[in-house]
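I have placed the structure first, in the form of structure tokens, so that the comments after it can refer back to it.
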Amino acid sequence: MAELFTSTTIATIIASLILLLVPISYSSPFITDGWKGSPIPQSDIDLLEFPLNLEYLEAEFFLYGSMGRGLDHFAPNLTMGGPKPFGAKKANLDPYTKDVIKQFAWQEVGHLRAIKGTVQGFPRPLLDLSTKSFAKTMDAAFGKRLSPPFDPYASSLHYLIASYVLPYVGLTGYVGANPKLQAAASKRLVAGLLAVESGQDAVIRGLLYEYALIRLHPYGITVAEFTNRISDLRNKLGQEGIKDEGLVVPKKLGAEGQIRGNVLAGDEYSIGYARTPEEILRVVYGSGNESTPGGFYPKGADGRIAKSHLQHS
């Protein structure tokens, strides 16, 4: 029997054992479906690349807001040479809020690494994270010009209200994409991303809910009203009915039609709402049209899905 264990055989056994100890990661751009061993289909690639637009936006907003610097400083390789965002800056945050936002920031960096480790991705698109961009969104939400213009970086409460605008849009996209995915690897990735994005949104809503009836100085408008107006605007821009709800809603829209408090948004069964990439583009462009860039993406989003609409503009 000893003769059967040649040096080649032993080397093969050792190599096999080493491979078993190597953890599965998102390090390869060619991750395949573990069940079938086949490459991720193009339809999945498109749906996995599209969220990079939102992940770039969130990463830059949270990095700058908490630490005053963005991806170009902390993870320049992830930008793939894309243009630097303009208008982003460090926010005036209290220590607790700063700590939470910093955690969000590093989570978003991880999301970018995970997606880019699964699909090729694309360079960071041009992002407008300026005070003017957020002020324009708030003016549209209230149907009038707020005075002074809304500044997302002015205080912790201002920043949390501005943050209310971001993760929720991305998570509805993940909910919408999940049933359309084919490969197991794609579904695993999106399920994981959705879990953390939902967590971020829940934390933001929870922090804001504590201050729901507080009036934001100097506008005299409650925090709850800000969230309701932002959600109404996103519903209007998305053009597909109610898929967004503020922190305090009519009782019939609350969980089981029993309560007005709405710390988590959900449909009549308290299940998360889904959006298509087209709906998301209408919202983040602020134009209500997936072929008309603007808002946080002055030159439009990237990826095959977004570009297919820009070509028809």
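The values are calculated or read from the model by the stated rules, or taken from the named source; none is laboratory data. In this text, all values refer to a predicted model and were calculated from it rather than measured experimentally. Methodologically, a virtual Cβ is constructed for each residue, glycine included, from the backbone with ideal geometry; neighbour enumeration extends over all protein chains shown. In case anyone asks, the SASA skips ligands and DNA or RNA and just uses the protein heavy atoms, side chains included. Shrake-Rupley method; radii C 1.70, N 1.55, O 1.52, S 1.80 Å.
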- In order over the stretch 260-277: 3J(HN,Hα) from phi, Karplus 6.51/-1.76/1.60, θ = phi - 60°, whole Hz, x for each Gly or Pro, gives 8, x, 9, 5, 10, 8, x, 6, 4, 9, 6, 9, x, 6, 10, 10, 8, x
- Across 5 Å bins from 0, what is the distribution of all Cα-Cα pair distances for the stretch 113-203, in whole percents? 2, 12, 17, 18, 17, 14, 10, 7, 3, 1, 0
- MRE, 222 nm, helices only [DSSP H, n ≥ 4, -39500 (n - 2.57), over the chain, to nearest 500]: -15500 deg cm²/dmol
- Item | Cα-Cα over 26 Å, subset of Lys84/Lys132; Lys136/Lys252; Lys102/Lys252; Lys136/Lys251 | Lys136/Lys252; Lys102/Lys252; Lys136/Lys251
- Item | Distance in nm between pseudo-label sites at Asp139 and Asp99 (7 Å out along the Cβ direction from Cα) | 3.8 nm
- Query: Going 7 Å from the Cα of Ala191 in the Cα-to-Cβ direction, what parts of the stretch 251-288 have a backbone nitrogen less than 20 Å from that spot?
  - Reply: 271-275
- Item | Heavy-atom surface of the stretch 130-213, accessible at 1.4 Å and reported per residue (Å²) | 38 Å²
- Message: Show me the three semi-axes of the equivalent ellipsoid for the stretch 183-299, from the C-alpha gyration tensor (sqrt of 5 times each eigenvalue), largest first, rounded to whole Å.
- Response: 25, 20, 15
- Query: Residues with amide H under 5 Å of Gly294's amide H, sequence separation 5 or more or different chain, H placed in the peptide plane at 1.01 Å from N; which?
  - Reply: Gly300
- Message: Let me check something: with ligands and nucleic acids excluded, how do Arg229, Arg215, Arg113 order by accessible area (1.4 Å probe), largest to smallest?
- Response: Arg215, Arg113, Arg229
- Could you please state how large a percent of the accessible area of the chain is carbon and sulfur, counting protein chains only and using a 1.4 Å probe? 59 percent
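Multiply the residue gap between Glu240 and Lys132 by 0.36 nm, knock off their C-alpha separation, and tell me the result in nm, one decimal place. Spell out each step's value before the answer.
Details: separation 108, 0.36 × 108 = 38.88 nm, distance 2.74 nm.
That pair, Glu240 and Lys132, stretches by 36.1 nm at full extension.
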- Note on the structure: Counting only residues 5 or more apart in sequence or on a different chain, those whose built amide H sits under 5 Å from that of Leu216 are Ile221, Thr222, Val223
- Message: Straight-line reach only, C-alpha to C-alpha below 19 angstrom: list the aspartates and glutamates that Lys243 could link to, leaving out same-chain residues fewer than 8 apart.
- Response: Glu197, Asp201, Glu225, Asp232, Glu256, Asp267, Glu268, Glu278, Glu279, Glu290
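Could you please report the charge total around Ala202, scoring K, R as +1 and D, E as -1 over all other residues with beta-carbon less than 14 angstrom from its beta-carbon? Write out the running numbers ahead of the final one.
Details: positive: Arg205; negative: Glu197, Asp201, Glu210, Glu245.
My count for the surroundings of Ala202 gives -3.
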- Note on the structure: Compactness summary of the chain: radius of gyration and Dmax from Cα atoms, Å, are 21.8, 87
